[in-house]
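Worksheet: one structure, shown below.
The values are calculated or read from the model by the stated rules, or taken from the named source; none is laboratory data. Note that the structure is predicted; figures quoted are calculated from it, not measured. Quick reminder, even Gly has a Cβ in these numbers, built from the backbone with ideal geometry, and neighbours come from all protein chains shown. For accessibility, only protein heavy atoms count, side chains too; no ligands or nucleic acids. Shrake-Rupley method; radii C 1.70, N 1.55, O 1.52, S 1.80 Å.
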Amino acid sequence: QVHLVESGGGSVQPGGSLRLSCVSSGNILNIAAIAWFRQIPGKQRERVATITNAGGLNYADSVKGRFIISRDVAMNTVYLEMNALKPEDTAVYYCNSPFRPFSWGQGTQVTVSS
């Protein structure tokens, strides 16, 4: 069982930036894809960005042009660079496989507020 651990969240003002990290206990190239999700209490979890093991990228329309997903294969880490943050980006962010999810981690809280 692969474990994924998220970190890097925090509180920022609108327009600010954050970089989230997702460290895998296993080789990320052995996972078909890793995605970043976010969840607001009482709402369904939303997938915001995906990177496949072949390097393909996909973004939700709500973050396209502002968020960048990337990876460091040697470090078994997937990143989410978040720019031009908006209050509606406030959520707990998680990483996981979108196709065959592992156990969900604790996530990392992102709060965008003035």
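Subtracting the Cα-Cα distance of residue 104 and residue 40 from their residue separation scaled by 0.36 nm leaves 21.5 nm. Accessible surface for the chain, divided over its residues, is 53 Å² per residue with a 1.4 Å probe. The simple Förster model, with R0 at 25 Å and r as the Cβ-Cβ distance, assigns residue 62 and residue 19 a FRET efficiency of 0.85.
State the percentage of accessible surface on the range 4-49 attributable to carbon and sulfur atoms; use a 1.4 Å probe and exclude ligands, DNA and RNA. Using a 1.4 Å probe with all protein chains present, the range 4-49 comes out at 48 percent carbon and sulfur.
Convex hull volume of the C-alpha atoms in the range 1-64, normalised per residue: 123 Å³.
Over the range 1-101, calculate the relative contact order: mean separation of alpha carbon pairs under 8 Å at least 6 apart, over the residue count, as a percent. Provide the component values of the computation, followed by the final result.
Values: 201 pairs, mean separation 35.3, N = 101.
That works out to 35 percent.
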